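Report on the following structure.
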Amino acid sequence: RGSILGEEPGAREQPSQKMFDSRIAFKARTFDASRPVFVEGESSMIGKVQVPSTMWSGMRIADVTQLEIPMSERVKWIRAGYKHFETTETGRLLECIDVLVKRVGHERVSAWKTLVADGQWDEFVQDILENHYDAAYAAAAARSRPQEEEKAQVLFLDDTSDETYAKAAKELLRRYDPSAKA
């Protein structure tokens, strides 16, 4: 997890840039060049390390599928993955939110802190998604991948269950993997 709220209690520090590059190169050597590789293309940065420039360049010209998931499902998924902020790490969450003042302003950060203090977790997650993460993603995409909006295909997922992801994976393989069409 590379976002400002992405750190997990007890998680190891990110690798150095050199180690990150080496791990990607090692893994890439195991790929079948005739088959697609699916990656999340949210940003060229993952926390404090950067996706290697040759890989990022390839990602920028590759086919894109935008996954669309109902907000209520996104909220559930985020809350499940970041449960520590609602239980043992609420103080840390508030510290992380403070860092966002420069991006969203004091008023928005204050509203988020109120939602957290009141235990309105669904409302907090939805608001931070809509007013920070989604906006930041859209701005980064427009800046670094302007062609994405007009050429991206959309794949709508009803929820974030394993079954739904398995169906989505089959659909992506059908769309992009020539060997899957045979």
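The values are calculated or read from the model by the stated rules, or taken from the named source; none is laboratory data. Here the structure is a predicted model, which means the values were calculated and not measured. Please note: Cβ atoms are built from the backbone with ideal geometry, for glycine as well, and neighbour counts cover all protein chains shown. For accessibility, only protein heavy atoms count, side chains too; no ligands or nucleic acids. Shrake-Rupley method; radii C 1.70, N 1.55, O 1.52, S 1.80 Å.
Hey, could you check region 92-130 for residues that are under 21 Å from ILE69 (Cβ atoms) and open to solvent by less than 60 Å² (accessible area, probe 1.4 Å) and say which is nearest to the chain's Cα centre (by Cα)?
Checking each candidate, the answer is LEU129.
Answer yes or no as to whether ALA80 is farther than 30 Å from ARG143 by Cα, of a type in the set (A, V, I, L, M, F, W, C) and under 18 Å from the mean Cα position of the chain (by Cα). Spell out the reasoning first.
Numbers: farther than 30 Å from ARG143 by Cα: yes; of a type in the set (A, V, I, L, M, F, W, C): yes; under 18 Å from the mean Cα position of the chain (by Cα): yes.
Spelling it out, ALA80 is indeed farther than 30 Å from ARG143 by Cα, of a type in the set (A, V, I, L, M, F, W, C) and under 18 Å from the mean Cα position of the chain (by Cα).
Take the residues in region 18-50 that are surrounded by 14 or more Cβ atoms within 10 Å (Cβ to Cβ) and under 14 Å from the mean Cα position of the chain (by Cα); name whichever of them is nearest to THR65 (Cα to Cα).
The extreme case among them is GLY41.
Looking at region 144-182, which of the residues that are open to solvent by 40 Å² or more (accessible area, probe 1.4 Å), touching a helix residue (DSSP H, G or I) at 6+ places or on another chain (Cβ under 6 Å) and part of a helix (DSSP H, G or I) is farthest from ALA80 (Cα to Cα)?
Step by step, filter region 144-182, then rank; the result is ALA180.
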